[in-house]
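Notes to accompany the following structure.
The values are calculated or read from the model by the stated rules, or taken from the named source; none is laboratory data. Here the structure is a predicted model, which means the values were calculated and not measured. Methodologically, a virtual Cβ is constructed for each residue, glycine included, from the backbone with ideal geometry; neighbour enumeration extends over all protein chains shown.
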Amino acid sequence: MLPANSNAIETRALRKVYGRKVAVRGLTLEVGRGEVFGFLGPNGAGKTTSIKMLLGLAAPSDGCAQVLGRPAGQVAVRRKIGFLPEHFRFYDWLTARELLSVHGRLYGMSPAALCQRVPAFLDLVGLSEHGDKRLRDFSKGMMQRIGLAQAILNDPELIFLDEPTSGLDPVGRLLVRDIIKTQRERGATVFLNSHFLSEVEITCDRVAFIKHGEVLETRDLHHAGQAVTHVSIRARKLSEQAISGLSSRASAVRLEGERLNFAVANIDALPEIVRFLVGCGADVYEVAPQRSSLEEMFLEIVGTDGGL
Amino acid sequence: MGTWIIAGVTFREAARKRVLWMALAAGLAFLALFGTGLYFQLRDITPRSNLFLYRQGVTALLMVGFYAVDMLAVVMTVLVSVDTLSGEMASGTIQAVATKPIARWELLLGKWLGFVAMVTVYVILMVGGITALTYVLSVHRVGGVMPHHLLRGAGLIWLECVLMLSVTFRMGASLATLTNGVLVLGLHGVAFIGGWIEQAAALLHSTRALNVGIVASLIMPSEALWRRAVFEMQSPVLSALGFSPFSVASVPSRFMMLYACLYLLAALTLAIRRFSQRDL
């Protein structure tokens, strides 16, 4: 039995070195049970290598990693996890049905369980009609779908999805989003590595920004109050006193004609700011808080050099 | 359990390889040629012919047949299995399996067993085919000719293939496909040359040359297994007559057979160890 009260993932200064190249410098991370966790970073930031270490595919050079309360990579841990590799591939002479059956048997499922689960999961990923088609006749999108099905076939407690939507059309992406949602509702933890920031923004509870194999920052996407909010106010009769007073309550204050832009560390400060401006005699026509998008966050935290 | 699932999938994967079917086709073509040759040879028998000599001649031809079977089986074993580890590691296919609740040793052993099953089928088909053909063609003319110790001989040919398979696995856990193939067949080449040096040295009573041959067999004992197989299948009379192209002037010892078995187990163990430690 795996400890049920532990974090889903916990790493301390996890490091991976290939020869003289440092792929992951020191990854320290905690992912709670039931979270949908986004793992973001530029190309070559060490995302896939980190996932490989968490799955036991690659041995860390240093540091430690616990998955579901046990050292990463143990067979008992793997019974409870699912994994969709970035480029899912398998023997192309197998049919979709046979592929799920092989993977189900590797999870130790009985023939009776397979009879029931294989069609259900084919249906779940929209491949019911292609169950008897060989994988060699599958498109890239269909391969991603069947890969997704094998990753959740065992009702895992923790699912690693490495770029699950690469190669998928909008319908396929929607499917991935729905599957992540159902897995979350089931209580599973999802570790999502994706380049599609808009998708991460919709699906994830929390994200970690990594660069050169280190976590630069983690952000909670549901509590906007914690994030810096940019605000744009349209107002007239703004006095010098109002502007200077605002500077002590907010940052990056900029007046462009009638438009006053600034940023607050906490959105809860906004009503008080509006009251202050009105108190100073300003006529306020419009208050528009603009929560910075994940893309802005990404560029702000990771930088624009792409980690090169 | 996981081992048997992997073995089953691997066997089916191996059975789909074109190399295997080419090897089977080559085997069949060879059997046809062999059968035709034997047929005409036996037709020339007259009532005055020396049947004893004819029987030895048929056995000698049978040995040549086994030699071809052995060579085909060895090359087929290496070519079919050469990319199973390196290829699947390079393509990432192995990741989907290695993250399932199955230990790395089970995964490797399963793959190995899958190929062993394939090699077994191939050796049974080819050795069985050539033996049956020879017997059927010779039974009316000279009384059916059979190898002296068929099962021992077939077992040694099989062991040689499994040895080559294990070495291919060991190298495949570290090296790229092409490098692995060249290296393993190169090692077999060393064993082959070593075997002939040993035979020649035994005939010429050159101890130092004999030792060179033995060292080559220690580097790779595959050819020694074949020569022992010939020794087991050829009748002692034939060996004494020097009638066969495979005179076994220097018979690989039982110690060498034991060494080959240990070599095989070591290769498999090291393959498991390397595969368990490496990043996928």
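Quick notes
- Neighbours by Cβ (under 7 Å, 6+ apart or cross-chain): first from region B:116-142, among the small types (Gly, Ala, Ser); second not in a helix (DSSP H, G or I): B:Ser138/B:Gly144; B:Ser138/B:Val145
- Residues that are more than 14 Å from every other protein chain (Cβ to nearest Cβ) and over 20 Å from the mean Cα position of the chain (by Cα), drawn from region A:31-70: A:Asp62, A:Gly63, A:Cys64, A:Gly69
- Odd one out for A:Ile51, checked against (1) touching a residue at least 24 places away in the same chain (Cβ under 8 Å); (2) farther than 29 Å from A:Gln144 by Cβ: (2)
- Meets criteria (part of a helix (DSSP H, G or I), among the basic types (Lys, Arg), without any contact (Cβ under 8 Å) to a residue 12 or more places away in the chain and surrounded by fewer than 19 Cβ atoms within 10 Å (Cβ to Cβ)) for B:Arg208: yes
- Yes/no for A:Val200 being modelled with pLDDT of 85 or more, under 26 Å from A:Ala13 (Cα atoms) and not in a strand (DSSP E or B): yes
- Filter result for the condition that a residue is surrounded by fewer than 16 Cβ atoms within 10 Å (Cβ to Cβ), touching a residue at least 12 places away in the same chain (Cβ under 8 Å) and not charged (D, E, K, R), over A:Asn43, A:Asn7: A:Asn43
- Members of region A:203-217 that are under 19 Å from A:Leu158 (Cβ atoms) and either at pLDDT below 85 or over 11 Å from the mean Cα position of the chain (by Cα) (or both): A:Ile210, A:Val215
- Flag for A:Glu86 being under 22 Å from A:Ser166 (Cα atoms) and within 14 Å of chain B (Cβ to nearest Cβ): yes
- Flag for A:Thr28 being within 20 Å of the chain's Cα centre (by Cα), part of a helix (DSSP H, G or I), touching a residue at least 40 places away in the same chain (Cβ under 8 Å) and under 20 Å from A:Arg206 (Cα atoms): no
- Residue among A:Gly167, A:Gly131 that is modelled with pLDDT of 90 or more, more than 20 Å from A:Lys80 (Cα to Cα), small (Gly, Ala, Ser) and surrounded by fewer than 20 Cβ atoms within 10 Å (Cβ to Cβ): A:Gly131
- Options A:Leu94, A:Leu99, A:Leu106; residue that is farther than 30 Å from A:Thr11 by Cβ, facing chain B (nearest Cβ under 10 Å) and buried (at least 22 other Cβ atoms within 10 Å of the Cβ): A:Leu99
- Qualifying positions in region B:248-280 - within 14 Å of another protein chain (Cβ to nearest Cβ) and crowded, with 16+ Cβ neighbours inside 10 Å: B:Arg274, B:Phe275, B:Leu280
- Spans of helices (runs of 4 or more DSSP H) in region A:58-132 with at least 2 residues farther than 17 Å from A:Leu158 by Cβ and of a type outside the set (Phe, Trp, Tyr): A:96-106, A:111-124
- Test: residue in region B:164-185 that is touching a Leu at 6+ places or on another chain (Cβ under 7 Å), among the hydroxyl-bearing types (Ser, Thr, Tyr) and in a helix (DSSP H, G or I): yes
- The lone exception for A:Glu129 - which of (1) in contact with an Asp or Glu (Cβ under 9 Å, 6 or more places away or on another chain); (2) more than 24 Å from B:Ile6 (Cβ to Cβ) it fails: (1)
- Condition met for B:Ala96 (within 13 Å of chain A (Cβ to nearest Cβ), touching a strand residue (DSSP E or B) at 6+ places or on another chain (Cβ under 9 Å), in a helix (DSSP H, G or I) and among the aliphatic types (A, V, I, L, M)): yes
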